[in-house]
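Where a number appears in this text, it was derived from the coordinates with a stated rule and is not lab data. Since the model is a prediction, treat every value here as computed from it, not as a measurement. Here the Cβ positions follow ideal geometry from the backbone for every residue, glycine too, while neighbour counts run over all protein chains shown.
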Amino acid sequence: MNYWTRNFRLHCAADTISSGGVIAYPTEAVWGLGCHPDNKIGVERILKLKGRSVDKGLILVAANIEQLQPYLHGLDQSQLDRMQQTWPGPTTWLVPNNGVAADWITGRHNSLALRVSNHPLVAALCQRVGGAIVSTSANPQGKISARNRFEVRRFFAKGLDYYAPGEVLGHSNPSQIRDLISDKIIR
């Protein structure tokens, strides 16, 4: 795919998110489903597609730590430094919810899952959207996560508004999840 086609498709993906839609996009290891985190209807659509309970919560992914600043208020410098040592990259941090994130993002948890992606398409998508987006694996609950566009289409057929261009980076596992307060590895 040439630069102009890819750029146009990236613009379409960002526009779909900004206007309330739900997209599929490649991440480091698997394909993800995403929407704007402030869009409750979009989040509900993703949860329904996946057959996932809102109680579980969702990850927000961003292009850089600056896009996550509203969610990081109240953390000390050592905590911020610890996160930055792993970003961009495949580490998702559970941070205390400071009240900025909606309950349809945090679920039943007092924490919020955040990641800065090192996938160039995800970073470019977040830059165009102007902030973090929802990131959850593109698979129905209990099924193996989709690793290519064909598998996403097989799972969700016409349930999505757009498919972003690109491929996964080839990591073998989804992002590691760590708790910022305890520093325990959750996944």
Could you list, in sequence order, all residues of the range 60-95 that are assigned to a strand (DSSP E or B) and not small (Gly, Ala, Ser)? LEU60, VAL61, THR91, THR92, TRP93, LEU94, VAL95
Name the residues in the range 108-127 that are surrounded by 19 or more Cβ atoms within 10 Å (Cβ to Cβ) and of a type outside the set (Ser, Thr, Tyr), would you? LEU112, ALA113, LEU114, ARG115, VAL116, HIS119, LEU121, VAL122, ALA124, LEU125, CYS126
Which count do you get for residues in the range 163-177 that are surrounded by fewer than 12 Cβ atoms within 10 Å (Cβ to Cβ) and among the aromatic types (Phe, Trp, Tyr)? 0
Could you tell me whether LEU180 is surrounded by fewer than 20 Cβ atoms within 10 Å (Cβ to Cβ) and touching a His at 6+ places or on another chain (Cβ under 9 Å)? no
Can you tell which of VAL95, VAL43, VAL61 is in contact (Cβ under 8 Å) with a residue 60 or more places away in the chain, among the β-branched types (Val, Ile, Thr) and farther than 29 Å from ARG153 by Cα? VAL95
What number of residues in the range 63-86 are of a type in the set (A, V, I, L, M, F, W, C) and crowded, with 19+ Cβ neighbours inside 10 Å? 4
Could you tell me how many of the residues in the range 4-41 are crowded, with 24+ Cβ neighbours inside 10 Å and part of a helix (DSSP H, G or I)? 2
Among the candidates SER182, SER135, residue that is without any contact (Cβ under 8 Å) to a residue 40 or more places away in the chain and not hydrophobic (A, V, I, L, M, F, W, C): SER182
